[in-house]
1. Restricting the search to segment 74-132, which residues are β-branched (Val, Ile, Thr), at pLDDT 80 or above and over 11 Å from the mean Cα position of the chain (by Cα)?
2. May I ask you to list the residues in segment 36-64 that are part of a loop (DSSP other than H, G, I, E, B) and either small (Gly, Ala, Ser) or within 28 Å of the chain's Cα centre (by Cα) (or both)?
3. Sort through 223, 230, 217, 250 and tell me the only one that's under 27 Å from residue 10 (Cα atoms) and free of Cβ contacts under 8 Å to residues at least 40 places away in the same chain.
4. So, residue 51, is that one of a type in the set (Gly, Ala, Ser) and touching an Asp or Glu at 6+ places or on another chain (Cβ under 9 Å) or not?
5. Quickly run through segment 287-299 and pick out the residues that are in a helix (DSSP H, G or I) and open to solvent by 20 Å² or more (accessible area, probe 1.4 Å).
6. Give the residues of segment 235-256 that are more than 16 Å from residue 221 (Cβ to Cβ), buried (at least 17 other Cβ atoms within 10 Å of the Cβ) and of a type outside the set (A, V, I, L, M), sorted by residue number.
7. Any idea which residue in segment 140-197 is farthest from the chain's Cα centre (by Cα), counting only those that are among the small types (Gly, Ala, Ser), open to solvent by less than 40 Å² (accessible area, probe 1.4 Å) and at pLDDT below 95?
8. Does residue 284 qualify as being farther than 30 Å from residue 10 by Cβ, small (Gly, Ala, Ser) and outside any strand (DSSP E or B)?
Amino acid sequence: MFDEATLVAARTVLLTVPTRDDFASISLIQRHLKLSYRTALAIMERLYSAGVVTAPDAAGKRYLCKEMKSAVNRNFAAEALEKYCGCDSDALHAGTPDNPSLWILGIEHGTFNSRHASGAVSTDDETYSIATQMIFPFNKRLFAFLASLAEERTDSWREYAHKHQPFVRGTSGYFKGNLYPVACKNIEEWTQVHAEATGFGSKAQYAEWCDQQRLPVIRNWIVEHGPKLVIGLGVTYKDEFARAVFGEAVPLTKVQFFERKTLHCFERNGLRLVVLPHLTGPNGLNSDASMDAATKFIREAPAARFA
């Protein structure tokens with residue numbers, strides 16, 4: 001009667017469209033998604049089973065469950081669930097099942113030399129050119145990773161980037177995004193500015209909301225575009241990457257691919273997820289040797305290693 005994408009869209013409507021007393025109505029879903037009453041009713045029952053809305057009260061009215069209510073800024077909520085908020089890419093980058101792209105997912109944008117934070121480096125380059133990307137240290141390591149994955153020398157990353165133009169507007173084959181849409185200086189940071197912009201007093205509340213509401217949306221992007229491989233960067237968030245890619249917790253396989261460095265991987269129906277250490281920092285892929293070892297595993301590991 002309806003697919004998962006429609007279910008997520010309906011939940012998004014209820015969470016982002018302001019209503020008095022967080023009233024959750026069938027007509028609201030009908031109006032925004034142009035569905036029949038019967039389909040909207042079936043969706044509402046699913047949302048009740050999922051703990052999003054309450055059972056009907058004596059007057060037949062439903063409301064958002066207490067766990068779904070928060071001081072979340074409605075404008076932030078709507079933006080955070082839009083395509084492709086928190087990403088450096090668009091639909092062309094994302095590819096199609098017939099012409100799949102390589103997806104790179106991080107945790108969140110950083111604000112060190114980031115074009116995504118107020119007061120940081122600014123540019124009028126809307127194409128996100130290679131020259132602009134090279135301003136930021138992370139992108140240089142990412143280009144080296146892509147070169148290594150293509151069995152080219154990691155130190156040839158400049159040549160690789162200029163030849164293939166990854167993430168540049170108007171090109172395809174490479175998609176870069178993040179689990180969480182707000183830029184922070186580090187994983188622990190949460191300032192008053194962040195709180196006012198999102199409505200969440202703590203980063204834990206923000207992360208919980210994103211885990212419940214944004215990760216299913218990313219999963220829908222995955223289903224729609226059918227990437228050939230998803231690389232998650234940040235092993236601490238391996239379970240969040242898994243839920244974003246597969247829509248649920250999965251039994252990730254842990255593999256030591258280099259001295260004191262491990263990755264986590266899983267494959268289902270041809271879709272592969274590999275969660276690697278970050279590309280920078282003391283615990284990351286901070287040497288060409290460790291990077292080459294990681295990309296060698298990705299290229300050569302049989303499906304059995306992912307199970």
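The values are calculated or read from the model by the stated rules, or taken from the named source; none is laboratory data. Note that this is a predicted model, so its numbers are computed, not measured. Don't worry about glycine lacking a Cβ; one is built from the backbone with ideal geometry, like all the others, and counts go over all protein chains shown. Just so you know, the surface numbers come from the protein's heavy atoms only, side chains and all, with ligands and any DNA or RNA stripped out. Shrake-Rupley method; radii C 1.70, N 1.55, O 1.52, S 1.80 Å.
1. The initial filter retains those residues of segment 74-132 that are β-branched (Val, Ile, Thr), namely 96, 104, 107, 111, 121, 123, 127, 130, 132.
Now narrow it down to the ones that are at pLDDT 80 or above: 96, 104, 107, 127, 130, 132.
96, 127, 130, 132, listed by residue number.
2. First, pick out the residues of segment 36-64 that are part of a loop (DSSP other than H, G, I, E, B): 36, 50-52, 54-61.
Selection gives 36, 50, 51, 52, 55, 58, 59, 60.
3. Of 223, 230, 217, 250, the one residue that is under 27 Å from residue 10 (Cα atoms) and free of Cβ contacts under 8 Å to residues at least 40 places away in the same chain is 250.
4. For residue 51, the condition - of a type in the set (Gly, Ala, Ser) and touching an Asp or Glu at 6+ places or on another chain (Cβ under 9 Å) - is met.
5. Within segment 287-299, 288, 289, 292, 293, 296, 297, 299 qualify.
6. 237, 238
7. The qualifying residue farthest from the chain's Cα centre (by Cα) is 195.
8. Judged against the criteria, residue 284 is a match.
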